[in-house]
């Protein structure tokens, strides 16, 4: 079975849905396989890639979507990745509210399975995307507090994605500065 078919077995998320599930040990392998597929599609533009987000932290609750980080030398080269990523099934959403980022999704039917964040390697956005999961991996108390915050957000208003994302960003800012 190919990586895309394996990804399709993930529950993913419907548009606007917030759902947290227990960590799945298969996510690391799925992310690694998808990063290989992305690098093969964009061999001249992607210089670094990583699995990030909650799905990259063992034991942490996560939305059932893989978050992947891909990096280019300069953002002006980011356009070179758009068409190749589209050819392997990704949709480009532009910056989607984050200046200095290109955001892509891979979906099947209406379920989003993968988020790809493209940044300039070494930029503050790149560094923050790496630092936060690293912080959670090395600080179990912080990871527990992060899980509790997100569970409370979902319980309080299960459809408020904006409030959920803001609460996550605020926590991250306070955790890593």
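The figures follow:
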read-out	value
Nearest 10 degrees, 0 to 90: helix 27-41 Cα axis against the chain principal axis	20 degrees
Förster radius 45 Å - calculated FRET efficiency between residue 74 and residue 141, Cβ distance, rounded to 0.05	0.70
Quarter of Cα convex hull surface for segment 122-177, i.e. mean projection, nm²	3.9 nm²
Order of 75, 10 under a 10 Å beta carbon neighbour criterion, fewest first	75, 10
Label point distance in nm, residue 157-residue 174, each placed 7 Å from Cα along Cα→Cβ	1.8 nm
Estimated inter-spin distance, residue 36 and residue 6, nm [label 7 Å along Cα→Cβ]	0.8 nm
Gaussian network model of the chain, springs between alpha carbon atoms under 10 Å - residue of 91, 120, 144 with greatest fluctuation	144
Computed lengthening from residue 128 to residue 165, 0.36 nm per intervening residue step minus Cα-Cα distance	11.8 nm
Contact order relative to length of segment 3-176, as percent, for alpha carbon pairs under 8 angstrom and 6 or more apart	23 percent
Degrees, to the nearest 10: 124-138 long Cα axis against longest axis of the chain	50 degrees
Shape category assigned to the chain from the gyration tensor of Cα positions, a/c cut at 1.5	prolate
Rounded if a/c under 1.5, otherwise prolate or oblate - segment 1-69, Cα gyration tensor axes	prolate
Directionally averaged shadow of segment 53-156, computed from the convex hull of its alpha-carbon atoms, nm²	7.6 nm²
Degrees separating the helix 140-156 axis from the principal Cα axis of the chain, which is the longest one	80 degrees
Over segment 66-128, relative contact order from alpha-carbon pairs under 8 Å, at least 6 apart, %	39 percent
Distance from segment 110-129 to segment 1-39 (C-alpha centre basis), Å	15 Å
Candidates 145, 31, 41, ranked by Gaussian network fluctuation over the chain, Cα under 10 Å, top entry	145
Gaussian network model of the chain, Cα within-10 Å springs - most flexible of 73, 96, 17	96
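Every read-out reported here was derived from the displayed coordinates using simple, explicitly stated rules and does not represent laboratory data. Note that the structure is a prediction, hence the values are computed from the model and not measured. Cβ atoms come from the backbone with ideal geometry, glycine included; neighbour counts cover every protein chain shown.
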